[in-house]
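Reading through the structure tokens given below for one structure.
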Amino acid sequence: MMSAIIDVDNLTKSYGGKRGIVDVSFQVEEGEVFGFLGPNGAGKTTTIRLLMGLLHADAGTARLAGLDCWRESVAIKRFVGYVPGEPSLDPNLTGGQILEYFAHLRGGVDQAYLKQLVDRLDLDTSRKFRQYSSGNKRKVVLIQAFMHRPRLLILDEPTSGLDPLNQQEFARMVKEAHDEGRSVFLSSHILTEVEQICTRVAIIREGRLVRVGGVAEMKDIKRHEITITFASPVPTEAFRPLSDVVQVDAPGDGRTLRLMVQGSADAVIKAAARYSVVTLTSHEPSLEEIFLRYYEGDGKDAEVRNVV
Amino acid sequence: MWFSSIYLKTLRDFRIAILGWGIGIGLLVYIVLRTVPSLTTTAAARASLIALAQGFNWLAQPVAVDTPGGYATFKYGPTILLIAIWALAAGARVLRGEEERGSMDVLLSLPEGRARLALEKVAAIWTALLGMAVLIAVMVYAGGAAVNAGFSFADAALFSLNLILTCGVFASVALLISQFTLERGSAAGLTGAVFVVSVVLDMVHRVIPGTDWISGLSPVYYYNLTRPLVPGFHNNPVGLVVLVGISVVLTVAAVWLFSGRDVGAAVALPKWLRRPERAVRAPVALPVNAWSLRSIYARSLGTIARPTLWWTLGIAGFAAWMVVVVKQTESQLVSIAQSSPVLKDFFSALGGSSVTNNASILSALFAFLPVALMVFALTQTNRWAADEEDGRLELVLATPEPRVRVLGGRFAALATSTVIIGVVTLMATAVTSALSGVRLDGGNLVAASLSMIPLGLLVAALGYLFSGWLRTAIDTGLLSFLLVIWVFISFIGPGLNWPDSTLRISPLYYYGTPLLHGLKLADTLGILVVSAAALGLASFRFARKDIGR
């Protein structure tokens, strides 16, 4: 039976009168790669900073490997690697100096592994931090988070600013950590990234956890907007009854249909093939759009639905 | 309204500085104006004052020092130009600071030309200086009116205008230098050096006859051509014109360079001015193996090393120079002091005895050393608060270093620096006194040099304590305010016959006169205990607070 490496129970934090997070509860099992999704300002960073013992909770508890995040934060940090959302380091140190400094503060790290990480992310360690691009700054903090092979990685929007090649390399690094039985908790507002890397996800909105579940179970919130332009007008009724079609609109002259598909697009493609298609585009809505659509209304759907 | 233009937004950023510096400087002049009548109650006192002032001609030319306006102008001399520190800091950061923060890119995405943007920023600096000038003028006039000083509001306004025009020159110098540096700190530091050199250059013609052309290279020289508070002084408008001219030329040059260079880059210097280029190296292989990266303490010490060097040179150099000056002017100072009740009071308050020998004169001059050390501690404490505010502590606190150890490491580095400054000051003074033949008690010299260290630690500990609740700007402002109040209480309070209970509010009181009377062990330990308590509270607070940006 797996044990929880992260155990958050009714965690609440406000900043004066301003909302931070409210009654957030979830667990992450040892060895999991857990995604923490939410739009900007939802409370992802607040939750992460509470886990790191940088903030003191107003109510509730957060435990990492059974240790209290506030009272036993020093012990916790021995087995945690952390990437903050907005990395800020001494601008006058080079990347190499920063990595050496943090290696010392951690009591030393495997130099060969450190060099390997530097090579993998292709970081020039001789440049000063202030001279780095945002992507290279992100590489420095990613390397310092991974370099001591932590049991748990807590990463706040870790790929922000990274180019696609380095995003892929990062995904491989996370996979390796996962394969070695280490746990990863990462926040993001990019659904596809989380989908690709994580085994389970939680969604937070306006400070409250609205959903926790496996990635597969989350597919039901993933909608595609398919826009098809036909050579001549087509009846919308031909598409409304199709499986997985949520909504059909026919703006303009009736030659263009805009379909909202939740799940497989197979039926839509087959139905469209019966007509003369001029163009077909598929657009995956942003997480913000999904939230606006999926959780709009009276908030009834916003209750926590723990799928697993 | 305040966010409707770059000019107004920049001016809004200066609002606290306008009030702080304007009221602060105005208050200083006001207080001195009010005290003048008590210094010149008798003809003998008046004569002594004039004689005393002549002894300090090298610092500021004494003209009609027995009048309120003349005395205030002489008393502050170049020190009133400390307000230029704000101006040069503003000039250094107004463009380069935005570039360092990365916000310049956003500003330049607005449909506004670079020159326009730069000029709006410069206009905000000048408006802020004018705001300060208005406050200073009002308070100077009020101080003069209270003692029937005989100068009009127009004179007070001209005094303030002259002051801020000089500040404007140093703001323009900083603005220009910041086009050649990548950091606002470097630009401010270099301009600070220009400021110090300017003050010294201005002194030259008062010490060495026929060297007006050398002093003419300094903006401070032109500042001194206009002294509207001094009765009968012939104000030379050329001074004002030159100050305006320098500012305009430097500002135009800075704006022109800013308009033509890469954002975030520096203007390339001519080859002969560049540092020799290092051989191209392959990217540094890990590890770097630098001593300064081995712990928080070592890292903090590495960061503070350069400012410590400069402050050590300044403080120890000042102490050594004082020994030389005292030796050279010993007989003159002693005779002037012994004939002057005012000077006797001055030395009694600061030096701890009437002037009979060079040790007692030095004792008074040594009172400035702990103040300098406290200012050093203040500037370095500011970094701690800024690092937390800028998020630079977040990753350090994500390592298994306890918060208290992080704070302790930083404080220990600052404590090390203050000890180094104290010890080097001791060594410099001892060597200089031996070489120049000034006889000083060895034990007392040790006490005078080392007992200022607890005062530096006290300021540092209070800064760390305040940063537990306050943002950097307010923390620094509050600490600066306290320091000014303490200096005022200790240096001016005795002259105003304030009660001992009031004088005891200032920590400088507990420094005493160690050069004459040795170490006041109980007082020194008292300061250390208060410092330790403040540090303990700061640690307690830091261990429990939210780490925020």
Subject >> Residue ID - nearest to A:PRO233 (Cα to Cα), chosen from residues in the range A:267-287 that are touching a residue at least 12 places away in the same chain (Cβ under 8 Å) and part of a helix (DSSP H, G or I) >> reply: A:ALA272
**OP:** From A:GLY17, A:GLY35, grab the single residue that is without any contact (Cβ under 8 Å) to a residue 24 or more places away in the chain and out of contact with any Gly (no Cβ under 6 Å at 6 or more places or on another chain).
**Re:** A:GLY17
**OP:** Keeping to the range B:54-66, report how many residues are surrounded by 22 or more Cβ atoms within 10 Å (Cβ to Cβ) and in contact with a Gly (Cβ under 9 Å, 6 or more places away or on another chain).
**Re:** 1
**OP:** Could you please give the count of residues in the range A:21-57 that are within 14 Å of chain B (Cβ to nearest Cβ), of a type outside the set (Val, Ile, Thr) and either over 22 Å from B:GLY391 (Cα atoms) or crowded, with 17+ Cβ neighbours inside 10 Å (or both)?
**Re:** 8
Subject >> Residue count for the range B:77-101, restricted to those that are without any contact (Cβ under 8 Å) to a residue 60 or more places away in the chain and surrounded by fewer than 17 Cβ atoms within 10 Å (Cβ to Cβ) >> reply: 3
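Just checking: which of the strands (runs of 3 or more DSSP E) contained wholly in the range A:174-246 hold 2 or more residues that are touching a Leu at 6+ places or on another chain (Cβ under 8 Å) and under 26 Å from A:ARG149 (Cα atoms)?
Working: elements: A:183-188, A:200-205, A:208-214, A:223-230.
Output list reads A:183-188, A:200-205.
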Subject >> Matching option when the condition is among the β-branched types (Val, Ile, Thr), touching a Gly at 6+ places or on another chain (Cβ under 8 Å) and in a helix (DSSP H, G or I), among B:THR418, B:THR425, B:THR429 >> reply: B:THR418
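Matching residues to (1) charged (D, E, K, R); (2) modelled with pLDDT of 95 or more; (3) surrounded by fewer than 24 Cβ atoms within 10 Å (Cβ to Cβ); (4) in contact with a Ser or Thr (Cβ under 8 Å, 6 or more places away or on another chain):
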{"residue": "B:GLY442", "(1), (2), (3), (4)": "no, no, yes, no"}
{"residue": "B:LEU445", "(1), (2), (3), (4)": "no, no, yes, yes"}
{"residue": "B:LEU450", "(1), (2), (3), (4)": "no, no, yes, no"}
{"residue": "B:LEU455", "(1), (2), (3), (4)": "no, yes, no, no"}
{"residue": "B:ALA460", "(1), (2), (3), (4)": "no, yes, no, yes"}
{"residue": "B:LEU478", "(1), (2), (3), (4)": "no, no, yes, no"}
{"residue": "B:LEU482", "(1), (2), (3), (4)": "no, no, yes, no"}
Original post:
Take the residues of the range A:81-102 that are aliphatic (A, V, I, L, M) and facing another protein chain (nearest Cβ under 7 Å): which is farthest from B:THR303 (Cα to Cα)?
Top reply: A:LEU99
Subject >> Candidate set from the range B:199-247 (those that are in contact with an Asp or Glu (Cβ under 8 Å, 6 or more places away or on another chain) and aliphatic (A, V, I, L, M)); member that is nearest to B:THR166 (Cα to Cα) >> reply: B:VAL220
Original post:
Do you know which residues across the range A:129-143 are under 19 Å from A:ARG78 (Cβ atoms) and within 9 Å of chain B (Cβ to nearest Cβ)?
Top reply: A:VAL141
Original post:
When the range B:385-412 is examined, which residues are found to be in a helix (DSSP H, G or I), within 14 Å of chain A (Cβ to nearest Cβ) and either over 30 Å from A:ARG149 (Cα atoms) or among the acidic types (Asp, Glu) (or both)?
Top reply: B:ALA386, B:ASP387, B:GLU388, B:GLU389
Original post:
List the pairs whose first member sits in the range B:124-147 and is free of Cβ contacts under 8 Å to residues at least 12 places away in the same chain, whose second member is not in a helix (DSSP H, G or I), and whose Cβ atoms are under 7 Å apart, counting only residues at least 6 apart or on separate chains?
Top reply: none
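Sort out which residues of the range B:230-267 are of a type in the set (Phe, Trp, Tyr), in a helix (DSSP H, G or I) and within 30 Å of B:ASN148 (Cα to Cα), and write them in order of number. Working first, answer last.
Here is the first cut: in the range B:230-267, the residues of a type in the set (Phe, Trp, Tyr) are B:233, B:256, B:258.
Now restrict to residues that are in a helix (DSSP H, G or I): B:256, B:258.
Within the range B:230-267, none qualify.
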Original post:
How many residues are over 24 Å from B:GLY168 (Cα atoms), among the charged types (D, E, K, R) and either part of a loop (DSSP other than H, G, I, E, B) or at pLDDT 90 or above (or both) if we restrict to the range B:91-113?
Top reply: 1
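Against the definition (over 18 Å from B:PRO400 (Cβ atoms), buried (at least 22 other Cβ atoms within 10 Å of the Cβ) and either at the interface with chain B (Cβ under 9 Å from one of its Cβ atoms) or at pLDDT below 90 (or both)), how does A:THR192 come out, yes or no?
Numbers: over 18 Å from B:PRO400 (Cβ atoms): yes; buried (at least 22 other Cβ atoms within 10 Å of the Cβ): no; either at the interface with chain B (Cβ under 9 Å from one of its Cβ atoms) or at pLDDT below 90 (or both): yes.
No; evaluated as a whole, the condition is false for this residue.
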**OP:** Return yes when B:TRP272 is surrounded by fewer than 19 Cβ atoms within 10 Å (Cβ to Cβ), of a type in the set (Phe, Trp, Tyr) and within 29 Å of B:GLU100 (Cβ to Cβ) and no when it is not.
**Re:** yes
Subject >> Condition met for B:PHE180 (within 30 Å of B:GLY97 (Cβ to Cβ), at pLDDT 90 or above and not in a helix (DSSP H, G or I)) >> reply: yes
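Given the condition part of a helix (DSSP H, G or I), closer than 26 Å to B:GLY526 by Cα, within 14 Å of chain A (Cβ to nearest Cβ) and touching a helix residue (DSSP H, G or I) at 6+ places or on another chain (Cβ under 6 Å), answer yes or no: does some residue in the range B:433-448 qualify? Quick ask: steps written out before the conclusion?
The first filter runs over the range B:433-448 and keeps only residues part of a helix (DSSP H, G or I), leaving B:433-436, B:442-448.
Restricting the remaining residues to those that are closer than 26 Å to B:GLY526 by Cα gives B:442-448.
Among the residues that remain, those that are also within 14 Å of chain A (Cβ to nearest Cβ) are: none.
Looking for residues that are part of a helix (DSSP H, G or I), closer than 26 Å to B:GLY526 by Cα, within 14 Å of chain A (Cβ to nearest Cβ) and touching a helix residue (DSSP H, G or I) at 6+ places or on another chain (Cβ under 6 Å), one finds none in the range B:433-448, hence no.
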Original post:
Which of the residues spanning the range A:106-128 are within 10 Å of another protein chain (Cβ to nearest Cβ), within 30 Å of B:ALA265 (Cβ to Cβ) and either more than 24 Å from the chain's Cα centre (by Cα) or not in a helix (DSSP H, G or I) (or both)?
Top reply: A:LEU123, A:ASP124, A:THR125, A:SER126, A:ARG127, A:LYS128
Original post:
Name the residues in the range A:61-80 that are at the interface with another protein chain (Cβ under 8 Å from one of its Cβ atoms) and either in contact with a Cys (Cβ under 7 Å, 6 or more places away or on another chain) or not in a loop (DSSP other than H, G, I, E, B) (or both), would you?
Top reply: A:VAL74, A:ALA75, A:LYS77, A:VAL80
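Go over the candidates A:TYR101, A:TYR132, A:TYR113 one by one and state the one that is in contact (Cβ under 8 Å) with a residue 24 or more places away in the chain, among the hydroxyl-bearing types (Ser, Thr, Tyr) and in contact with a helix residue (DSSP H, G or I) (Cβ under 8 Å, 6 or more places away or on another chain). Can you show your working first?
Numbers: A:TYR101 fails: in contact (Cβ under 8 Å) with a residue 24 or more places away in the chain; A:TYR113 fails: in contact with a helix residue (DSSP H, G or I) (Cβ under 8 Å, 6 or more places away or on another chain).
Selected residue: A:TYR132, the only one of A:TYR101, A:TYR132, A:TYR113 that is in contact (Cβ under 8 Å) with a residue 24 or more places away in the chain, among the hydroxyl-bearing types (Ser, Thr, Tyr) and in contact with a helix residue (DSSP H, G or I) (Cβ under 8 Å, 6 or more places away or on another chain).
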**OP:** Run down B:ASP523, B:ASP475 and say which single residue is in contact (Cβ under 8 Å) with a residue 40 or more places away in the chain, in contact with a Gly (Cβ under 7 Å, 6 or more places away or on another chain) and in a helix (DSSP H, G or I).
**Re:** B:ASP475
**OP:** Would you confirm whether any residue within the range B:349-370 is part of a helix (DSSP H, G or I), surrounded by 14 or more Cβ atoms within 10 Å (Cβ to Cβ) and at pLDDT 85 or above?
**Re:** yes
**OP:** May I ask you to list pairs of residues, at least six apart or on different chains, whose Cβ atoms are under 6 Å apart, with the first in the range B:530-549 being within 12 Å of chain A (Cβ to nearest Cβ) and free of Cβ contacts under 8 Å to residues at least 24 places away in the same chain and the second being of a type outside the set (Gly, Ala, Ser) and crowded, with 16+ Cβ neighbours inside 10 Å?
**Re:** B:ASP546/A:LEU55
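The values are calculated or read from the model by the stated rules, or taken from the named source; none is laboratory data. Given the structure is predicted, the values throughout are model-derived calculations rather than measurements. Reconstructed Cβ throughout: ideal geometry from the backbone, glycine too, with neighbour counts over all protein chains shown.
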